[in-house]
Amino acid sequence: PHVHEAVARRQAARFEGLPRVAGGRVRHLDVMLFPLSGQGAAPGVPGAVIVRVDDVTERTRLADMLVQTEKMLSVGGLAGGMAHELNNPLGAVLQGVQNIMRRLDPDLAANAQAARDTGVSLAAMRAYMKARHISEMLKGIRDAGTRAADIIATMLEFTRPGQGRRTTVRAHALAERALTLAGSDYDLRRKYDFRKLHVVRDYAENDDTLTCVPTEIEQVLLNLFKNAAHAMTEKKYPAGQAPALHVSTRREGDEVVIVVEDNGPGMEPEVRRRVFEPFFTTKPPGVGTGLGLAVSYFIVTRTHGGSIACDGVPGEGTRFTVRLPARQAVDD
């Protein structure tokens, strides 16, 4: 509409970052318009000359990555501080619940002795707790506290440097191990068996060697595989099409590139721009923490000096591209 308005008013205009789907991918264009005037303009006929059209997709992506990096650095420091502050009271809660559950156990001699000394029947107490569902409440507190502790441990990864050992490995071997881990992930198997998912492998097996912390890169790939699997369960596929995951590795100059692509529902641009933000998730409450991709971002960019980008087409799928330096110092 802004383009038509500029044409109607015969005003020079510049439009930046106009999205356009080309070759199945979203491209961003800068367009400059200048009005027709003088001998080139027919009386009463609006028109415009497109002086220049520039494909600025890579520039737009780079700008988004720079903004994302600054945001992640600031939020990462905040997350680390919060995690340390929350660890102590949370530990006290978990320890308190554990002690309560132990001191209600009739099999412990100390509990039986204390009950006799006070004239209390442990059997009657447990019957009352069962009738009032107190035991289930205590287990709920314990489980919620354990989940919170896991989230805090993940938050601490934002500010903690990589502790793993750097070794030389093949990227396709890391991808295969991560696929195996995804196949045994209980959370995924509750919806469907990941091992039955159609996986297309396109490995450059003889030229995808890199130096990294293998367990960390495996964690990044596992996060990408799990997110893709969850996304594909939410899409209704037309007849003749089924969920599929495409994993490829290749060497580009001094980098090893790992691409994870699915044919799921894809992401809207506003979601894609925020996908690496801590705590941002499109999953229902209690299903996702919004930390998996944020941690992956830090592992790739801060620990390994690489980059990770997300693109795709809404309704057709999502693609994550991980770029890692092929050569880094190996730990002795």
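Going through (1) modelled with pLDDT of 85 or more; (2) assigned to a loop (DSSP other than H, G, I, E, B) one by one, VAL199 falls short only on (2). Restricting to the range 199-214, name every residue that is of a type in the set (D, E, K, R) and more than 23 Å from the chain's Cα centre (by Cα). Of everything in the range 199-214, those that are of a type in the set (D, E, K, R) and more than 23 Å from the chain's Cα centre (by Cα) turn out to be GLU205, ASP207, ASP208. All told, GLU277 falls short of being acidic (Asp, Glu) and either modelled with pLDDT of 85 or more or buried (at least 21 other Cβ atoms within 10 Å of the Cβ) (or both).
Hey, among the residues in the range 300-322 that are closer than 30 Å to ALA242 by Cβ and over 16 Å from the mean Cα position of the chain (by Cα), which one's most open to solvent (accessible area, probe 1.4 Å)? Only one residue tops the list, namely GLU316. Here is the figure for the range 94-153: residues that are outside any helix (DSSP H, G or I), surrounded by 12 or more Cβ atoms within 10 Å (Cβ to Cβ) and charged (D, E, K, R) total 1. Within the range 200-222, the set of residues being among the β-branched types (Val, Ile, Thr), open to solvent by 30 Å² or more (accessible area, probe 1.4 Å) and either closer than 12 Å to VAL322 by Cβ or out of contact with any Ser or Thr (no Cβ under 9 Å at 6 or more places or on another chain) (or both) comprises THR215 only. Could you go through the range 243-260 and let me know if any residue there is at pLDDT 85 or above, at negative phi and within 13 Å of the chain's Cα centre (by Cα). Looking for residues that are at pLDDT 85 or above, at negative phi and within 13 Å of the chain's Cα centre (by Cα), one finds at least one in the range 243-260, hence yes.
Is there a residue being under 37 Å from the mean Cα position of the chain (by Cα), basic (Lys, Arg) and either over 27 Å from VAL295 (Cβ atoms) or modelled with pLDDT under 60 (or both) anywhere in the range 70-82? Checked the range 70-82: at least one residue is under 37 Å from the mean Cα position of the chain (by Cα), basic (Lys, Arg) and either over 27 Å from VAL295 (Cβ atoms) or modelled with pLDDT under 60 (or both). For the range 154-171, which positions are at pLDDT 80 or above and either part of a strand (DSSP E or B) or open to solvent by less than 30 Å² (accessible area, probe 1.4 Å) (or both)? Within the range 154-171, THR167, THR168, VAL169, ARG170, ALA171 qualify. If only residues of the range 232-271 that are among the β-branched types (Val, Ile, Thr) and either open to solvent by less than 50 Å² (accessible area, probe 1.4 Å) or free of Cβ contacts under 8 Å to residues at least 40 places away in the same chain (or both) are counted, the one that is nearest to HIS172 (Cα to Cα) is THR249.
The values are calculated or read from the model by the stated rules, or taken from the named source; none is laboratory data. Being a predicted model, the structure only gives us computed values, none of them experimental. Here the Cβ is made from the backbone with ideal geometry for all residues, glycine too, and neighbour counts use every protein chain on show. Remember, those area values only see protein heavy atoms, side chains included, never the ligands or the DNA or RNA. Shrake-Rupley method; radii C 1.70, N 1.55, O 1.52, S 1.80 Å.
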